[in-house]
Structure formats: structure tokens, C-alpha cells
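Right, one structure below, let's go through it.
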Amino acid sequence: MFDASLSGFFSQGVSQFHFIRPQWLWCLLLVPIISVLMWRVKNSANQWQSLISKELLTHLIVGENKSTKAWPIILLGVAMSLSIIAIAGPSWLKLAQPQYVNQQPVVMLVDLSPSMLVEDVKPSRLAKMRFKMIDFLKAREQGLTAMVVYAGDAHVLAPLSDDNKTLISLVPTLSPNVMPVSGSLVEEGVALAISLIEDQGYKTGDIVLFSDGVSASAEHNTRKLLEKSTIRLSVIGVGTSAGAPIPLGEQGFAKDKNGKIVLARLNPQPLMSLAAVNQGVYSDLLLSNEDIDTVLRTCLLYTSPSPRDQ
């Protein structure tokens, strides 16, 4: 047990060992050069032996003629090396460095209107949206994220936090069937998302809307909310322009007042218009992650300071 503890201590020490000023270690390259030069200078007296006879040289050299010894130069080289290493600052203690943590607030606004059950994309708009939301949460490594759902009214499913794992666990439960009121009031969802961000003291933030469309009145009301705020809205459009009927379970498909089956089509133009109000972006839901990457890049264009820093 003692040996294991000692081994752990030394392995941890080796892993933490570092130099505070490692650039000084380059000076170690000069030590052998200086040592060679000093050896040549110290040994210069012996070079006269090749020019003057030994009998005459003994009368010309003042003092005792001793052979040149290497140990003083070696000692000096070691001293210089140790001095350079000391200046480089060897250390086993690493001080905690302040790191920037992105606290940019993002609210995922999820459309749970009945049209999300349409199957113009397989297996359905709802299923494809769920997969895309999970991909989005996995790709968003830092920052605070909340989730708001809406249909005929809006509800906070999760407040702002950095616990994306909990949000991912909630995604499979999303369905129009869990909403108390049927409808598609995106403006209520946007208003609730804005209040979530501003109530936490943030002046800027992002709303990422997953939706298959908005009505003309909802677009007008939502635009008015966004124009009064610095919160940015980006949109991922779910569905196709061809559309498909809205399933109503045993009742068949949704019909208009004339009894004709309603085709729920994705109309991206109103969604693009809303995204453009505060420099947000729009993207269709894609098989690749290019849609997510586009939205995440936009979310990083500005960063909200923490309320404590404001």
C-alpha cells in the first residue's frame, strides 16, 4: 500500500513538473560552446611545445609548468547549466489560471402545434425535430440553455442552465399531445423566451426556434416583440413545401371549413423575415449538421457578459 502511494505521488509529481520560464533553457546550448572555448584558452600554453624545444621552453615559462586539467572547466559547465535551469524556474506547483467560459444564453423554442405530426419527412416532422434538437444540444458545449414549448399557449420546460444532459433527456417526451391547448401562438413562446433571458440580467441572447411555420398575425405580433428587444431569433424550419395532411388519430385528418383535407406546408419566407429582425439566421432542417453549425456560429457573434459583470 505504501509503495502504491509513493508511486502515485511520484507519477503525479512528474506529470505536474514544468518550467515557469522555459525559454531560458535555450541557453543550455551555449554551455558546451563556452566550455570548449575555455578549454582551448587554458590549453594554449601547451601549443608552444610544437614551436619551441622542450629544453628552451622550460626557461621561458614562468612558474611551474603543470598539465592542463579538465575538471575546473567541467565544474564551471555544470555550474552554468544549473544556473540556467534555476532561472528557467522549475516548479511542481501549477497555479489556477482564469479561463473564459461562454455564458451566452440560448432559449430553444419548440413548436408543438398539431402540424408537427405531419409525415412529409420520415418518420415525421416531430421525430426529425427531436433528433435535430439532440444534435444541437450535443454540439453546444458551453453556455446556458433553456427550453420553451408552445402550441395554443407557451410553457417553460427547463430554465437557463448548463445541464444539457437533462435537456436531452426531456426531448423524447415532446409531443403536441402533451400540450393543454392546441394552436400555434409563436408570439407567446417568443415573449416567454425573451423574459427568461432578460429576467436573468442578460441584455443580449439568442432564441432558436424549431417550427414548421407561422401565420400572418403571429408573424406580425412576433416582429413587434423582437423589434423592442436586443434578443436575436434564429430559425430551423421543419417540413417541406409539398406538405402533407395533419393526422388527428381516429378522426382522420384535419379539414377546413369546406370539408377539404388541409395540407400543412412549410412556408420559410415568414420565418426568414422574423430571423432577419435582429440579425438572426434561417436554415431548413438538413440531414447534415450544417443547419446547426450555421445557427451556433451566429450565436457566437456576440457574447453576453454575466449579470455579475454588468
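The values are calculated or read from the model by the stated rules, or taken from the named source; none is laboratory data. Because the structure is predicted, anything quoted here is derived from the model rather than measured. Quick reminder, even Gly has a Cβ in these numbers, built from the backbone with ideal geometry, and neighbours come from all protein chains shown. When the accessible area is computed, the model is the full protein with side chains, heavy atoms only, and any ligands, DNA or RNA have been set aside. Shrake-Rupley method; radii C 1.70, N 1.55, O 1.52, S 1.80 Å.
Within the range 187-230, count every residue that is hydrophobic (A, V, I, L, M, F, W, C), farther than 20 Å from residue 133 by Cα and open to solvent by 30 Å² or more (accessible area, probe 1.4 Å).
The total comes to 3.
Just to verify a result, which residue in the range 217-238, among those that are assigned to a helix (DSSP H, G or I) and of a type in the set (A, V, I, L, M, F, W, C), is nearest to residue 121 (Cα to Cα)?
The selected residue is 218.
Can you find even one residue in the range 176-186 that is over 26 Å from residue 246 (Cβ atoms) and either of a type in the set (Phe, Trp, Tyr) or surrounded by fewer than 16 Cβ atoms within 10 Å (Cβ to Cβ) (or both)?
No, the range 176-186 has no match at all.
Does the range 252-277 hold any residues that are assigned to a loop (DSSP other than H, G, I, E, B) and of a type in the set (Lys, Arg), and which are they?
257, 260, 265 - these are the residues of the range 252-277 that are assigned to a loop (DSSP other than H, G, I, E, B) and of a type in the set (Lys, Arg).
Could you look through the range 163-216, keep only residues that are of a type in the set (Asp, Glu) and touching a strand residue (DSSP E or B) at 6+ places or on another chain (Cβ under 6 Å), and pick out the one that is nearest to residue 145 (Cα to Cα)?
206
Answer yes or no as to whether residue 241 is small (Gly, Ala, Ser), under 25 Å from residue 127 (Cβ atoms), within 35 Å of the chain's Cα centre (by Cα) and surrounded by fewer than 20 Cβ atoms within 10 Å (Cβ to Cβ).
Against the criterion (small (Gly, Ala, Ser), under 25 Å from residue 127 (Cβ atoms), within 35 Å of the chain's Cα centre (by Cα) and surrounded by fewer than 20 Cβ atoms within 10 Å (Cβ to Cβ)), residue 241 qualifies.
Out of the helices (runs of 4 or more DSSP H) lying entirely within the range 1-92, which hold 1 or more residues that are modelled with pLDDT of 80 or more, open to solvent by less than 60 Å² (accessible area, probe 1.4 Å) and touching a Lys or Arg at 6+ places or on another chain (Cβ under 9 Å)?
Working: elements: 2-16, 30-42, 54-60, 71-88.
In the range 1-92, the matching helices (runs of 4 or more DSSP H) lie at 71-88.
So, of the residues in the range 155-175 that are open to solvent by less than 20 Å² (accessible area, probe 1.4 Å) and free of Cβ contacts under 8 Å to residues at least 60 places away in the same chain, which turns out to be nearest to the chain's Cα centre (by Cα)?
167
Kindly indicate the residue of the range 98-118 that is hydrophobic (A, V, I, L, M, F, W, C) and in a loop (DSSP other than H, G, I, E, B) and also surrounded by the most Cβ atoms within 10 Å (Cβ to Cβ) among those meeting that condition.
If we filter the range 98-118 for residues that are hydrophobic (A, V, I, L, M, F, W, C), which is where we start, we get 101, 106-110, 112, 116-118.
Still in the running and in a loop (DSSP other than H, G, I, E, B): 101, 112, 118.
Working: 101: 9, 112: 28, 118: 26.
In this case the residue turns out to be 112.
From 140, 125, grab the single residue that is of a type in the set (D, E, K, R), open to solvent by less than 10 Å² (accessible area, probe 1.4 Å) and in contact (Cβ under 8 Å) with a residue 12 or more places away in the chain.
Within the list 140, 125, the selection yields 125.
Could you check, for the range 273-281, whether at least one of its residues is open to solvent by 60 Å² or more (accessible area, probe 1.4 Å) and touching a helix residue (DSSP H, G or I) at 6+ places or on another chain (Cβ under 9 Å)?
yes
I'd like to verify a number: residues in the range 209-245 that are farther than 22 Å from residue 107 by Cβ and in contact with a Phe, Trp or Tyr (Cβ under 6 Å, 6 or more places away or on another chain), how many? Can you show your working first?
We begin by selecting, within the range 209-245, every residue farther than 22 Å from residue 107 by Cβ; these are 216-217, 240-245.
When the remaining residues are screened for being in contact with a Phe, Trp or Tyr (Cβ under 6 Å, 6 or more places away or on another chain), the result is 245.
So the count comes out to 1.
I need every pair where a residue in the range 176-200 that is under 22 Å from residue 217 (Cα atoms) has its Cβ under 6 Å from the Cβ of a residue that is open to solvent by less than 20 Å² (accessible area, probe 1.4 Å) and polar (S, T, N, Q), sequence separation at least 6 or different chains.
From the range 176-200, the pairs are 184/113; 186/222; 187/222; 190/222; 194/229.
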